[in-house]
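Trainee: The following block contains the structure, expressed as structure tokens.
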Amino acid sequence: MLTNNELEQAPVAPSQLKPARHFAASYSGEHVAGTEFVIGASFVAWGVGVSDVLWGLLWGNLLAVLTWGLICAPIAVDTRLTLYAYLKKIGGKGLINLYSVVNGVLFCILAGAMITVSASAARILFGIPPQVEWYPTDPGFVAVALLVGSVVTLVSVRGFRRLAVFAQVCAPWMIMMFVVGGLTMFVVLREAAPAMADQPLLQRLGSIADAYVWRGGENGLGVWHVAAFAWIANLAMHGGLSDMTILRYARKSSYGYLSALGMYIGHYVAWVAAGVMGAGAALALGTSIENLDAGSVAYQALGATGILVVIIAGWTTSNPTIYRAGLAFQSLYPRWRRTTVTAVTGILTTVIACFPFVFTQLMNFVGLMGLILSPIGAVIVTEHWLFPRMGLTRYWNYYRESYLNGPACLAWGLSLLAAWGFNLLGVHLFFLLMPTWITAMVVYTLAAAWCGARHPYASQAPQHESELLARKKAERDYLDNLDTKRQSVKAAAATRGMLVSATIAVLSILACLLLGVYTLKSGDIDIVKDWIFIPTVVYMVSATVWSYLKEKNSE
């Protein structure tokens, strides 16, 4: 299990580095959340075409993977530091304080959105109508949101390690629920188009999707908007370098490309399936997709199991988000108790969750969050890679022992001001990344050169750089001498209980898929709604047992 303590200041020791399978599991499980229901349905509401979605998600997710693999992972592996530690080294304590406040507030809003998603499913149990305005329209929903938020906060206060393991256990099941839900609602869409019954299979799929799901040409949005959103959906993590916290443990920087598992299995498949589910649910209920929340869509597609899917998806992702927001605020004054800070953060997040703006503004907020944090990534990339090649001194502010890197703050502010200006000129929010990033790099380079980066710092820089080279050499020597055979044998050792529980878990997942396929063939969607809960329970039990035995076996 990776240690995600973002307050750690020292580089990761060579003995703590992890093989590829840890990152494959992490990225596979991290990018399946309750918000995927909202995002997938939003593409439908945008009115984009079928090819816009399929090609846009293909290229946009590729750009995200390349940003992880070419920018975030190499810096994380080279420094072995968290984003917080490296930003403190480059920008000083003052910049870290400012960044922590901004980052903490944004994470609170994001966690609140995820709690709202869970509450949108839980409210079905109490007969509360869907909440699709930015404000609550039923006091009962406020009560449900407060209840869900309280549970989430309580778990976050106790730390999220166990929940993180549970989230990874749930990930394969949640992906399968998106697939099965899509198949179920495709039956509804198919029944509404009997005239297409004589078409070949692939043509029929395309015709139904074009007629009822992604109809195209309605709002002036197209393939590039979809691609841009897919790229910036996790911009804070890759372009903003937040995932340095995880990737600093990677033995190789190429592990950053394993994010493709999350982008294509998670985002691509989940968003496409959620779009089909949303369109099918709207057709079945005789309403517009804008009038449905995530709970309504999942319940219509999967019955009572759909409620469970949305609650778990929102719960497992909101907990670590609150935890990270608490860490951001705690970094302002490390003597504050983490539990107290996390509790206060959870209360703030729960209040935000009572206002279900997530269903109308999630796409814009995700884009805005990434845009606000991305200039920090640009500053770090500029100092880490460009300064040595331009004859400027890397870590110049660190050598000056300055509390605040003024040029970095200036670059952050002016780049966001430039983004605002471009937006006023008509540039869409999703297309503002590149001008914002370039502005930050240019401003920081010029301002840093003016303020002291041109100085060689001959009494400090050579010694510090030699220490860094010595650390990297020691790391390379350790990895070169690592007994990979012994490690692989130890990792491969499995108990009989692990094999049995894993087999049952896999068969349970396949049973869920078979129910979806049979429903597609028979046209009876009640089969999924009535029976999918059984393999779900079997999977949860067997996968949890496997996870427990695996952890116990690795001790």
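Trainee: Note the full-extension length gain between ASP78 and GLU290 as 0.36 nm times their separation in residues minus their Cα-Cα distance, in nm to one decimal.
Mentor: So the extension gain works out to 71.7 nm.
Trainee: Hey, another quick one. If I take R0 = 45 Å and measure r between the Cβ atoms of MET196 and VAL500 in this structure, what FRET efficiency does the formula 1/(1 + (r/R0)^6) give, to the nearest 0.05?
Mentor: Working from the Cβ atoms, E equals 0.50.
Trainee: Roughly how many nanometres apart are two label points built 7 Å out from the Cα toward the Cβ at LYS550 and TYR403?
Mentor: Taking the two extended label points, one gets 4.8 nm.
Trainee: Answer rounded, prolate or oblate for the stretch 408-482, using the Cα gyration tensor with square roots of eigenvalues a ≥ b ≥ c: rounded when a/c is under 1.5, else prolate when a/b is larger than b/c, else oblate.
Mentor: oblate
Trainee: Hey, another quick one. To the nearest 10 square angstrom, what accessible area does LEU183 show with a 1.4 Å probe?
Mentor: Result for LEU183: roughly 40 Å² accessible.
Trainee: Note down the magnitude of the dipole of the stretch 173-331 about its Cα centre, charges +1 on Lys and Arg C-beta and -1 on Asp and Glu C-beta and zero elsewhere, to the nearest 20 debye.
Mentor: That gives the stretch 173-331 a dipole magnitude of about 640 debye.
Trainee: Another question about this same structure. Taking a probe of 1.4 angstrom, what is the accessible area of TRP437 in Å², to the nearest 10?
Mentor: About 30 Å², rounded to the nearest 10.
Trainee: Among 330-343, 408-421, what's the highest-first ranking by average C-beta atoms within 10 angstrom per residue?
Mentor: 408-421, 330-343
Trainee: Would you please give the residues with an amide H less than 5 Å from that of GLY49, counting only those at least 5 places away or on a separate chain, with H modeled from the backbone geometry?
Mentor: When sequence neighbours closer than 5 places are left aside, the close amide H contacts are GLY216, GLY217.
Trainee: If a/c stays under 1.5 just call it rounded; otherwise compare a/b with b/c (prolate if a/b is bigger, oblate if not). Do that for the stretch 17-166, with a ≥ b ≥ c from the square roots of the Cα gyration tensor eigenvalues.
Mentor: oblate
Trainee: Which lysines, on any chain, are close to LYS521 with Cα under 24 Å apart, when same-chain ones fewer than 8 places away are left out?
Mentor: LYS529
Trainee: With the dipole of the chain worked out from charges on the C-beta (+1 for Lys and Arg, -1 for Asp and Glu) around the Cα centre, which of LEU392, PHE166, ALA270 lies farthest toward the positive end?
Mentor: LEU392
Trainee: When a/c is below 1.5 the answer is rounded, else prolate if a/b is larger than b/c, else oblate, so apply that to the stretch 30-102 with a ≥ b ≥ c taken from the square roots of the Cα gyration tensor eigenvalues.
Mentor: prolate
Trainee: Hey, another quick one. For the chain, what is the convex hull (Cα atoms) projected area averaged across all directions, in square nanometres?
Mentor: 26.1 nm²
Trainee: To continue, here is another question. For the stretch 51-121 and the stretch 235-290, what is the separation of their Cα centres, given in Å?
Mentor: About 13 Å separates the Cα centre of the stretch 51-121 from the one of the stretch 235-290.
Trainee: Net charge near PRO130, counting Lys/Arg +1 and Asp/Glu -1 over other residues with Cβ under 15 Å of its Cβ?
Mentor: -3
Trainee: Please give the solvent-accessible surface of HIS31 in Å², to the nearest 10, using a probe radius of 1.4 Å with every protein chain present.
Mentor: 10 Å²
Trainee: Further, regarding this structure: For the modelled label position 7 Å from the Cα of LEU125 along Cα-to-Cβ, which residues of the stretch 281-322 have backbone nitrogen atoms closer than 18 Å?
Mentor: Those under the cut-off are 294-300, 302-319.
Trainee: Would you work out which of GLY377, GLY295, LEU83 lies farthest towards the positive end of the dipole of the chain? Charges go on Cβ: Lys and Arg +1, Asp and Glu -1.
Mentor: It is LEU83, whose Cα lies furthest towards the positive end.
Trainee: How do PHE126, PHE329, PHE355 rank by accessible surface area computed with a 1.4 Å probe, from largest to smallest?
Mentor: Descending order: PHE126, PHE355, PHE329.
Trainee: Within the accessible area of the stretch 323-374, what % is carbon and sulfur when the probe is 1.4 Å and the other protein chains stay in place?
Mentor: So the carbon and sulfur contribution to the accessible surface is 69 percent.
Trainee: I've got another one for you. I'd like the carbon and sulfur percentage of the solvent accessible area for the stretch 513-555, probe radius 1.4 Å, heavy atoms only, ligands and nucleic acids excluded.
Mentor: Accessible surface attributable to carbon and sulfur in the stretch 513-555 totals 67 percent.
Trainee: Same structure again: Over the chain, with the other protein chains present, what is the accessible area per residue in square angstrom, probe 1.4 angstrom?
Mentor: 42 Å²
Trainee: Select from GLY92, THR35, PRO74 the residue farthest towards the positive end of the dipole of the stretch 1-94; place +1 on Cβ of Lys and Arg, -1 on Cβ of Asp and Glu, and compute about the Cα centre.
Mentor: Value: GLY92.
Trainee: What do you reckon, how do LYS550, LYS521, LYS89, LYS529 stack up by accessible area (1.4 Å probe), largest on top?
Mentor: Most to least solvent-accessible, the answer reads LYS521, LYS550, LYS529, LYS89.
Trainee: Calculate the dipole size of the chain relative to its Cα centre from +1 charges on Lys and Arg beta carbons and -1 charges on Asp and Glu beta carbons; express the result in debye to the nearest 20.
Mentor: Using only the charged Cβ atoms, the result is roughly 1960 debye.
Trainee: Just the number, please: carbon plus sulfur as a percent of the accessible area of the stretch 380-466, 1.4 Å probe, no ligands or DNA/RNA counted.
Mentor: That fraction is 68 percent.
Trainee: What length, rounded to one decimal in nm, is gained on full extension from TYR264 through to ARG338, with 0.36 nm per residue of separation minus their alpha-carbon distance?
Mentor: 23.1 nm
The values are calculated or read from the model by the stated rules, or taken from the named source; none is laboratory data. Small disclaimer: the values here were computed from a predicted structure and weren't measured. Note: ideal-geometry Cβ built from the backbone for every residue, glycine included; neighbour counts use all protein chains shown. When the accessible area is computed, the model is the full protein with side chains, heavy atoms only, and any ligands, DNA or RNA have been set aside. Shrake-Rupley method; radii C 1.70, N 1.55, O 1.52, S 1.80 Å.
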